[in-house]
1. Give the carbon-plus-sulfur fraction of the accessible surface of the chain in %, rounded to a whole number; probe 1.4 Å, heavy atoms of protein chains only.
2. Take every Cα pair under 8 Å in the chain that's 6+ residues apart, average their separations, divide by the length, and report that relative contact order as a whole percent.
3. Quick check on segment 40-189: take the gyration tensor over C-alpha atoms, sort the square-rooted eigenvalues as a ≥ b ≥ c, and tell me if it's rounded (a/c under 1.5), prolate or oblate.
4. Hand me the trypsin sites (Lys or Arg not before Pro) from segment 40-133 located in a DSSP loop with no more than 12 other Cβ atoms within 10 Å, in residue order please.
5. So what is the relative contact order of segment 1-142, in percent, for Cα pairs below 8 Å that sit 6 or more residues apart?
6. With +1 on the Cβ of every Lys and Arg and -1 on the Cβ of every Asp and Glu, and nothing else charged, how large is the dipole of the chain about its Cα centre, in debye rounded to the nearest 20?
7. If we count every other residue with Cβ under 13 angstrom of Lys226's Cβ, Lys/Arg +1 and Asp/Glu -1, where does the sum land?
8. Taking the Cα centre as origin and putting +1 on Lys and Arg beta-carbons and -1 on Asp and Glu beta-carbons, what dipole magnitude results for segment 1-142, to the nearest 20 debye?
Amino acid sequence: MKKRIIICPPTYFDIQYEINPWMNTAKKVDPSGALAAYTSLRNTYLSLPVELHEAVPEADLPDMVYAADWGYAENGVFIPANFRYAERRREANVAAELMQKKFGFSIQRLPEGIFFEGHGDLVETPTRFFIGYGFRSSFEAGAELQKFVSNPVFSIHLINPFFYHLDTCFAALGDDVALVNKSAFAPESLELIEKSFKEVIFTSDEDNKVMAHNLVIVGNDLICAKGISEQLKKRLEGLGYRLHEIDTVEYRKGGGSVKCMSFEF
Ligand code: ARG
């Protein structure tokens, strides 16, 4: 089965509030730059074995472009996000309606008070889940998710406010290799990650700044931010990936990049 991905056009994308350290309401989004990034991501997905869908953006939801955070879907069940910040909560309702009406998913909400920010805080391998907590998702979200998925869920403690979602600082390239921004994790979580992978690639500041970890893999194709270091590029290509780089500078103003823009299900 093809990988299904939903992306959301940046029609209303802007920085209207500040809920992470990347956001600064004085640094507005350049609409043409955002649209160019969106179009290039869209064209990349269209050139790959992806079943691509585009959501209808809603006015007053400027962060709706970060579709990854909408929730988690598996086996016909969609678990909508319980966003920590009120500014994003309506996105979960829009996503639930879309997943139910267009794709036939049944909706399973998590208990109120347990925050869960979907794929933003999730990193999956073929056999395991890692879920971030500390800034957005609650620690308890891990146990809640475990009720719905059969692969084991490991909780990862995030401590660096710039890397507030797990997908901003950690990526799994299959079960064996991980990309890790060392500055983002509590010591015991870093240890857990190091024990969980055969090879851990620690990223440089240069790569951390462009959120190199915020990537999407489709088979041997790897879609990531433009601006990652030559060294990392070589490493990834050495692992057999064909790289597609998207200039996500406008999306980083909101605190996200390629993976945040893509809801995979
Ligand atoms: N401005 C958005 C927010 O804070 C960015 C979300 C980025 N998403 C992600 N999966 N890292 O909440």
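1. With neighbouring chains kept in place, the figure for the chain is 51 percent.
2. Dividing the mean separation by the residue count of the chain yields 21 percent.
3. rounded
4. Lys102
5. Relative contact order comes out at 21 percent.
6. Roughly 300 debye, rounded to the nearest 20.
7. That works out to -3.
8. 320
The values are calculated or read from the model by the stated rules, or taken from the named source; none is laboratory data. Remember, it's a predicted structure, so these values are computed and weren't measured experimentally. Glycine also receives a Cβ, built like all others from the backbone with ideal geometry; neighbour counts cover every protein chain displayed. Remember, those area values only see protein heavy atoms, side chains included, never the ligands or the DNA or RNA. Shrake-Rupley method; radii C 1.70, N 1.55, O 1.52, S 1.80 Å.
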